[in-house]
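Notes to accompany the following structure.
The values are calculated or read from the model by the stated rules, or taken from the named source; none is laboratory data. A quick note: this is a predicted structure, and the numbers were derived from the prediction, not measured. With ideal geometry, Cβ positions are generated from the backbone for all residues, glycine too; neighbour counts draw on all protein chains shown. Heavy atoms of the whole protein, side chains included, go into the accessibility calculation; ligands, DNA and RNA do not. Shrake-Rupley method; radii C 1.70, N 1.55, O 1.52, S 1.80 Å.
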Amino acid sequence: MISKVIKWMEVFVEKPNKDFGGLPACPFAKEARKKNKINFVEFKNDRPDLEIEDYIYNMNFNKHDVTVIIFEKDRWTAKETFKIARKLEDIAKKNGILLGEDHPNMIETVGNSMINNGEYIIFFLQNLKQVEEAAEKLRKTSYYDIWKKNNPYNINNPDNYNERHNQYKLKYGN
């Protein structure tokens, strides 16, 4: 699983893309990966969900910028993934962590680019302050130009996770 996610990063996430103003979908991913600042975790279906919280409570930002937890695609439905992520997000926020989720059936696009990995369920854990600082830098570039035009969540604040989640709540419920 990890090797396939890294391949997706190399082929899509780290490559310059016109839908992101000529920058990669995540301009910081390649450097973080090359410097071993990403903690990749395979989470097989036989592991209990409660173990996910351990990664939130034990996040070491001195060692890793990001923890990427990769689940098998049949572990949860999109609706279940959304609900679990919201519960974990509350815990994460209290620890200064931004939690984002990716499910093969939660398709998101920016311009002509599908930004999902399409194969696995993934939770991304990142330092909230670091993400906010990076987003502020990117607002000074053309990174969000296409996103603003096509963003169903909030065209004035394209990286507003709360608005994104409100749209998903309409689809998946609380």
Can you work out the FRET efficiency for the pair GLU80 and GLU42, with r the C-beta to C-beta distance and R0 = 22 Å, to the nearest 0.05? 0.70
For region 11-41, which trypsin sites (Lys or Arg not before Pro) are in a loop by DSSP, counting at most 13 other Cβ atoms within 10 Å? LYS35
Top of ALA25, ALA85, ALA134 by mean-square fluctuation, Gaussian network on the chain, Cα under 10 Å: ALA134
Label zone at LYS87 (point 7 Å along Cα-to-Cβ), backbone N below 20 Å, region 37-57: 43-57
Paramagnetic reach from LYS129 in region 62-94 [backbone N under 18 Å; point 7 Å along Cα→Cβ]: 62-67, 92-94
Output the pairs from LYS7/LYS30; LYS4/LYS94; LYS34/LYS63; LYS79/LYS129; LYS93/LYS148 with a Cα-Cα distance over 21 Å in this structure; if there are none, say none. LYS4/LYS94; LYS79/LYS129; LYS93/LYS148
Which one of PHE71, PHE123, PHE61 has the biggest mean-square fluctuation once the chain is modelled by GNM with Cα springs under 10 Å? PHE61
On the formula 1/(1 + (r/R0)^6), with r taken between the Cβ atoms of LYS137 and LYS94 and R0 of 30 Å, the FRET efficiency rounded to 0.05 is 0.70
Less than 24 Å apart at the alpha-carbon level, and either on another chain or at least 8 residues along: which lysines does that give for LYS149? LYS15, LYS18, LYS137, LYS140, LYS169, LYS171
Return the carbon/sulfur percentage of the accessible area of the chain, one whole number, probe 1.4 Å, all protein chains in place. 49 percent
Would you look at the GNM of the chain, springs on alpha carbons closer than 10 Å, and say which of TYR143, TYR120, TYR55 moves the most? TYR55
